[in-house]
Amino acid sequence: MPSAIEVRKVPIHSVADASELAKLIDDGVMEASRVVAIIGKTEGNGGVNDYTRIISDRAFREVLVDKGAAADQVKQIPIVWSGGTDGVISPHATIFATTDAEPSDEPRLTVGFAMSEQLLPEDIGRVAMVSKVADAVKVAMERAGITDVADVHYVQTKTPLLTVHTIRDAKSRGKTVWTEHTHESMDLSNGCTALGIAVALGEIEMPTDADVMHNRDLYSAVASCSSGVELDVAQVVVVGNATGVGGRYRVGHAVMEDALDADGIWDAIRSAGLDLPERPRTSDLEGRLVNVFLKCEVSQDGTVRGRRNAMLDDSDVHWHRQIKAAVGGVTAAVTGDPAVFVSVSAAHQGPDGGGPVAAIVDLG
């Protein structure tokens, strides 16, 4: 049986800041050697060249080593950064660590981690990637002690996207790539990864290459996929509930049907175990919400609830940034806290124009 999980959200005060992680360790809330995953938002542009992700990654790993964790162990910890804190979204990190707790007959938070096989540039956007991601998800589930896919509520991944260098590498070996547009490959990598998660959890059958990015009826309700230049495998973090692990926390999920679906966020919080009134208010949370994790996407028809918008036609500000800011505002209005994990590029993650929502709550 895996260990119970302690989870805390901390602010990031500057691009290279990890002082709040150090404070958690110094205060005895968690041990550096027991940190198993970190998921956070950095304040860069969220694009291919968003190096704030690398800066934050280094800062947090250095703190863990400084506070006593073995360097080789720290290298293996999945730290998933989503770049871009557009609008009111505030830079922050959610830190997961194992802890000692009495076993519980109630389902409580559990976390499992796995790395996929190497993802070659020619794999990205194709069934080869779907298959490799699906295999890694199953390993992470097993490590989390989860046997029923219904107990998986959130799967956070980080995968490679295409760069000029990796495209050149594929061509040098006589291979082709799905796209030569590096920014487009961010959406591609995320979407293909989500299909791998959906396959592993039995949400869909194995898709074809032609389905990737085209058949938006195929999606996962629990996938949250990010991509970047800093790795060549899929990092997979499975977050769910298991009986027996003990601890204070539980996770749940729901789906936002569109960018304004605040009820979808409330449904995720209810799914995690908080008893809320029919028409809840932020004050009803009573400090028990640790964090919410969302993916968002512009609707392919350029509308929200029948009203036209110009996000897909805007040549000045990419739609990634616009929809992230919009959904970030809706989310912060629900939670009362701008430090929310809202990530864009949600192809095959929730329905078109919407996205999955996961919530972690402290049940005391």
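The values are calculated or read from the model by the stated rules, or taken from the named source; none is laboratory data. Only a predicted model underlies this, so the values are computations on that prediction, with no experimental measurement involved. No Cβ is skipped: glycine too gets one built from the backbone with ideal geometry, and neighbour counts run over all protein chains shown. Heads up: the accessible areas ignore ligands, DNA and RNA and are worked out on the full protein's heavy atoms, side chains in. Shrake-Rupley method; radii C 1.70, N 1.55, O 1.52, S 1.80 Å.
In this structure segment 135-291 gives 42 Å² per residue of accessible area when probed at 1.4 Å with all protein chains present. Proximity of backbone amide H atoms, modeled 1.01 Å from N, is registered between Gly228 and Thr159, Leu161 at under 5 Å, excluding neighbours fewer than 5 places apart on the same chain.
Computed with a 1.4 Å probe over protein heavy atoms only, the accessible area of Met186 comes to about 10 Å².
Can you check what the net charge comes to around Ala333, using other residues whose Cβ is under 13 Å from the Cβ of Ala333 (Lys, Arg +1; Asp, Glu -1)? The partial results should precede the final answer.
Values: positive: Arg281; negative: Asp261, Asp263, Asp337.
Spelling it out: positives minus negatives among the neighbours equals -2.
Per residue, the average separation of C-alpha pairs within less than 8 Å and at least 6 apart gives segment 118-217 a relative contact order of 44 percent.
For segment 192-208 versus segment 281-348, the inter-centroid distance based on Cα atoms is 24 Å.
Looking at the square roots a ≥ b ≥ c of the eigenvalues of the Cα gyration tensor of segment 1-149, which shape do they give, rounded for a/c under 1.5, prolate if a/b is larger than b/c, or oblate? Kindly include the intermediate steps, with their values, before the conclusion.
Details: a/c = 1.70, a/b = 1.02, b/c = 1.67.
Judged from the Cα gyration tensor, segment 1-149 comes out oblate (a/c at least 1.5, b/c at or above a/b).
Full extension of the chain between Lys75 and Ser315 gives 82.5 nm of extra length, using 0.36 nm per residue less the Cα-Cα distance. Each label was represented as a point 7 Å from its Cα along the Cα-to-Cβ direction; for Thr208 and Glu278 these points are 4.8 nm apart.
Taking amide H as placed 1.01 Å from N in the peptide plane, the amide H of Val36 sits under 5 Å from that of Phe96, Ala97, Thr98, each at least 5 places away or on another chain. Apolar share of the accessible surface for segment 184-306: 44 percent from carbon plus sulfur atoms, 1.4 Å probe. Full extension of the chain segment joining Glu106 with Ala16 gains 28.5 nm, where the gain is 0.36 nm per residue of separation less the Cα-Cα distance.
How many Å² of accessible area per residue for segment 25-90, probe 1.4 Å?
Details: 2710 Å² over 66 residues.
About 41 Å² of surface per residue is accessible.
Based on Cα contacts under 8 Å between residues 6+ apart, the chain shows a relative contact order of 22 percent.
When a/c reaches 1.5 or more, the comparison of a/b and b/c decides; with that in mind, is the chain rounded, prolate or oblate per its Cα gyration tensor? Numbers along the way, then the final one.
Working: a/c = 1.39, a/b = 1.19, b/c = 1.17.
In terms of gyration-tensor shape, rounded.
Under the convention that each Lys and Arg Cβ holds +1 and each Asp and Glu Cβ holds -1, the size of the dipole of the chain around its Cα centre is about 460 debye.
DSSP beta bridges confined to the chain are antiparallel in about 75 percent of cases. Between Gln349 and Ser220, the built amide H atoms are under 5 Å apart, and every one of these is 5 or more places off in sequence or on another chain.
Here the label points at Glu142 and Gln118, each 7 Å from Cα along the C-beta direction, are separated by 2.3 nm in the simple model. Shape call for segment 116-243 from the C-alpha gyration tensor, a ≥ b ≥ c root eigenvalues: rounded (a/c under 1.5), prolate (a/b greater than b/c) or oblate? Prolate.
Beyond 27 Å in Cα-Cα separation lie the following of the pairs Lys175/Lys324; Lys75/Lys171; Lys41/Lys67: Lys175/Lys324; Lys75/Lys171.
Taking Val334, Val164, Val236 as the candidate residues, the one with maximal mean-square fluctuation in a Gaussian network model of the chain, Cα springs under 10 Å, is Val164. Using a probe radius of 1.4 angstrom, the carbon and sulfur fraction of the accessible surface of segment 24-108 is 45%.
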